[in-house]
Amino acid sequence: MSDVRYPFTAIVGMADLRLGLLLNAVSPAVGGVLVRGEKGTAKSTMVRALAGLLPSIATVDDCRFACDPAAPDPQCPDGPHDSPSSSERPSQLVELPVGVAEDRIVGSLDLERALAEGVKAYEPGLLARAHRGVLYIDEVNLLQDHVVDLLLDAAAMGRSYVEREGVSVRHAARFLLVGTMNPEEGELRPQLLDRFGLTVEIAATRDPAERAEVVRRRLGYDADPAGFAARFAEEERALAERITAARELLPKVELTDVALRQITAVCAAFEVDGLRADIVMARTAVALAAWDGRTEVLEEDVRKAAQLALPHRRRRNPFDAPGLDEEQLDRTLEEHAQQEEPEPEDDGPGPDGDGGGSDDGGGDGPEGGPDGGGPDGGGAPEPSDAGPEAPEAPSPEDPASDGPETPAQPPVPAQHPAPARESAPVAAGDPYRTRLFTVKGTGHGAQGRRSPAETTGGHTIRARRPQGALARLHLTATLQAAAPHQAARGRSGRALVVHKDDFREQVRQGRESNLVLFVVDASGSMAARQRMTAVKGAVLSLLMDAYQRRDKIGMITFRGSGAELALPPTSSVEVGAARLESLPTGGRTPLAAGLLRAHEVLRVERLRDPSRRPLLVVVTDGRATGGRDALAQSRRAAALFAAQGTASVVLDCESGPVRLGLARTLAGLLGGTAVSLDELRAEGVASLVRENRAADRSANRSTTSMRKAA
């Protein structure tokens, strides 16, 4: 691979991404940029190319933390820097690997030397290397949440903190933060999205001429990297000079009251949480003005700042796609485009009403409220979920579906059966908070919020000998191990003689994420519209729960003659919700095929990620059709999961006055738990527990009264 970077100016198209990166180069206080886009769109290429445009920096010689000689960090671990010698070097691009550990990011302390010798032996991490440069996180959505939190905290505060066993190290960490992600592989939580200053959505161009130019340039670079870069050297030099000029102009840019009022009005109209969006928009608008060589922020700067800073802050739940209503944005900007006249002090309302009152909201408020307020699409789908909204006369019983009242399985007809009818997809019901289902035992998987596991976070449950480098010292256990040997080791004075064999590390218990594999019955026995709406609402609620608990999910559907892997295991809960929404129903019930397909998917996933424990969720009424021994085959398939000890839950979708209990029988064969739709709701379970407790107290009072009466 060539050491010559692909030129920034040689990249075709993607104007918003180019602008977002350049604005952060002009003003790192904007807060970084998150690049969302499909694979193969040159996200990484453009970020790496940007580093070559940044001005070189002066650093203190022999300082591992890139201190500025003009203003060295007073808390620098390599300091103090009194009258330091300095030299210039290019700005660094530091890339963060997906599987990076926390110690590698913030640096690590040599705890053995700290305790035994009393010295701070600190090895800087990636944050120290990125100081005054670029920190690039590819596939940021695949990082563990606590790692992303740590990075964003350092980016926001401009400082990294290492606190461990009473030893504290702090150093400056100011950098241009760039993250890239493919939304198909999972979303970031809204709380983490909000910490990125700007977000840019990109996709490959569909113009054949532009695509041809991209290919032509890439082939030219691969054939002769140095020669290709030389063709764009002049453009690269001009762009670097423009970045330097914009940085120098930035402190002189004025954010007028009109522009500031427009910024705050836009953030209020779009109902973004908190005030971070207002601050980011203001910094972005100032950077835009400086980039264009102006000293005053204009309305066009505010509009563009909103387009870059607000879309990812509009998400209200994990199934919302980022976006911005351009018409609402234009209306809000126009309503607040004029400078307000100041109110006369202590002179009452004014005799002639010179316009200040109407601008303040006396006349425009009632009009602006309905236009810019509530109806942003959130309430529109609800009428379609209501049962009476689109009543359908019950159709005759589908010959290919199960009868609701017959436990015996129908024989296979000798003639070729008529094709089963397929019902159109129905909308899911509103999601709700569900019960927590966990995998028994203690796992060792990635940190999450579902099942108990040994993790790097959580509470300490015991001590053990270090496995590899000592990371989390258990001080009490270490002292207890060293204490009996002090006389034999010739201890003199107050110092404790500690050997390497004495060190103990903490074992912490937290929670892990799991692989939640849904096996959904989409056969004719589930096809009643109101019933399927409730079932889809339940699965959607479980998907929401999996998102909040950081799980991976997969989905298998079965109907007709077989089972389909509708969603391979992924972190993208949004894709799962979309597949669920478009799920058709109808046909026979090949339950055994669905279970066997799930068994194969879990077998492959165990090979890929042995530490991630699975949780099987079967959504069915328990019926099985499609052959004379369909029920027996499904029971044999269920026994496979029981033999492997796979944690399972059966969501019992059976309804009606006559119930066969087949789903609960299936749960017993799986070695799992059966839960009805009503029992799935967390608040329903809580109220049931309260009712049982109240009934017990009432019974106890009655018994006591009877005894007293006797």
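Taking amide hydrogens as placed 1.01 Å from N in the peptide plane, the amide H of Ala647 sits under 5 Å from those of Leu616, each at least 5 positions away in sequence or on another chain.
When a 1.4 Å probe is rolled over the protein heavy atoms, the share of accessible surface on the range 156-314 that falls to carbon and sulfur comes to 51 percent. Would the range 218-297 count as rounded, prolate or oblate if I go by the C-alpha gyration tensor, calling it rounded below 1.5 in a/c and otherwise prolate when a/b exceeds b/c, oblate otherwise? The shape class here is oblate.
With contacts taken as Cα pairs under 8 Å and at least 6 residues apart, the range 524-616 reaches a relative contact order of 29 percent. Pairs with C-alpha atoms separated by more than 27 Å, drawn from the list Lys43/Lys304; Lys39/Lys552; Lys43/Lys252; Lys43/Lys552, are Lys43/Lys252.
Placing dummy labels 7 Å off each Cα toward the beta-carbon, the span from Arg89 to Arg465 is 4.0 nm.
What does the C-alpha gyration tensor say about the overall shape of the range 510-641? Classify as rounded when a/c is under 1.5, otherwise prolate if a/b is larger than b/c, or oblate. Cα axes put the range 510-641 in the oblate bin.
Take the range 570-670 with all the other protein chains still there, run a 1.4 Å probe, and you get 40 Å² of accessible area per residue. On the beta carbon distance between Glu581 and Ser611, with R0 = 41 Å, the FRET formula returns roughly 0.80.
This model, with +1 at the C-beta of Lys and Arg and -1 at the C-beta of Asp and Glu, gives the range 468-518 a dipole about its Cα centre of some 200 debye. Accessible area of Val215 (1.4 Å probe, protein heavy atoms only, ligands and nucleic acids ignored): about 80 Å². Judged by the gyration tensor of its Cα atoms, with axes a ≥ b ≥ c, the range 7-130 is oblate; a/c meets the 1.5 cut and b/c is at least as large as a/b. Estimated at the nearest 10 Å², the accessible area of His81 is 30 Å² with a 1.4 Å probe.
The values are calculated or read from the model by the stated rules, or taken from the named source; none is laboratory data. Since the structure is predicted, the reported quantities are computational estimates derived from the model, not experimental observations. Cβ coordinates were reconstructed from backbone atoms using ideal geometry, including for glycine residues, and neighbour counts include every protein chain displayed. Note: accessible area is taken over every heavy atom of the protein model, side chains too, but ligands, DNA and RNA are not part of it. Shrake-Rupley method; radii C 1.70, N 1.55, O 1.52, S 1.80 Å.
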